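Below is one structure; the comments refer to it alone.
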Amino acid sequence: MTAPGRELPDLDALLTGPVPATGPTVSEGDPATGEWTATRGAGFVIAPLWKGRPLTGAYAPEWNEAEEVAETRLAALVRQLDDRYGPHRQVAMHVPLFRKIAGEPMPALFQALCDEDLLGDLTVWGPLPTGRPETPARQLAVSLSQSDGDAPMILCAVVSDHPITELGEDG
């Protein structure tokens, strides 16, 4: 999990780091705690950047303050990435959510996001050069999610070798 102020260096490492070309989607966890640390699949990596505190028993205004802190953190990161890479685009997650609920198939990246309860809309940049000739251009996305009202808010990153595009409701 990224320490405060470490999001950009950690995103750079993800952007230039290894992304599996093939293979199954695998969720990784910390051996000691079991806490989710990354998910890797054919052409993508998903990793947490920041996690808020658990909100068990929290109500307004405490819950609202925690949400505001998380949203402010996301907005600041988006501004930094816009400054670096240019304007972003949004990719909604409502279609993958509906497909998850219906048990319908979807591309592996969206299935992995749903499996980790990372259902916040994606803010996407790219294709972006990696700065390494042997590594093809990649897409970068960030998202803020919360699996339920008691769970911590999670800011995550997605790096993909393939375009990250919104799923259509019909296919």
(request) Taking H placed 1.01 Å from N in the peptide plane, check which residues at least 5 places from Leu55 or on another chain put their amide H under 5 Å from its amide H. (result) Ala151
(request) Starting with the highest mean, order 116-123, 87-94 by the number of other Cβ atoms within 10 Å, averaged over the residues of each peptide. (result) 116-123, 87-94
(request) With a 1.4 Å probe and every protein chain left in place, work out the accessible area per residue of the chain in Å², rounded to a whole number. (result) 52
(request) Search the structure for amide H atoms under 5 Å from the amide H of His162, placed 1.01 Å from N in the peptide plane, and list their residues when 5 or more places away or on another chain. (result) Gln139
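List the trypsin sites (Lys or Arg not before Pro) within region 1-61 that DSSP assigns to loop and that have no more than 15 neighbouring Cβ atoms inside 10 Å.
Of the trypsin sites (Lys or Arg not before Pro), the ones in loops of region 1-61 whose Cβ has at most 15 other Cβ atoms within 10 Å are Arg6.
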(request) Please identify every one of the chymotrypsin sites (Phe, Trp or Tyr not before Pro) in region 15-64 that sits in a loop by DSSP and has no more than 11 other beta carbons within 10 Å of its own beta carbon. (result) Tyr59
(message) Give me the percent relative contact order of region 35-152, please, defined on Cα pairs under 8 angstrom at least 6 residues apart.
(response) 28
(message) Going by Cα centres, region 28-57 and region 77-100 are how many Å apart?
(response) 19
(request) Could you look at the chain and say what percent of its accessible area is carbon and sulfur, using a 1.4 Å probe and all protein chains? (result) 56
(request) For region 82-170, evaluate the Debye formula with one uniform point scatterer on each Cα (no solvent term) and list log10 I(q)/I(0) at q = 0.18, 0.19 Å⁻¹, rounded to two decimals. (result) -0.82, -0.90
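The values are calculated or read from the model by the stated rules, or taken from the named source; none is laboratory data. Being a predicted model, the structure only gives us computed values, none of them experimental. Note: ideal-geometry Cβ built from the backbone for every residue, glycine included; neighbour counts use all protein chains shown. Each accessible area value is taken on the protein alone, full model and side chains, heavy atoms only, with ligands, DNA and RNA left out. Shrake-Rupley method; radii C 1.70, N 1.55, O 1.52, S 1.80 Å.
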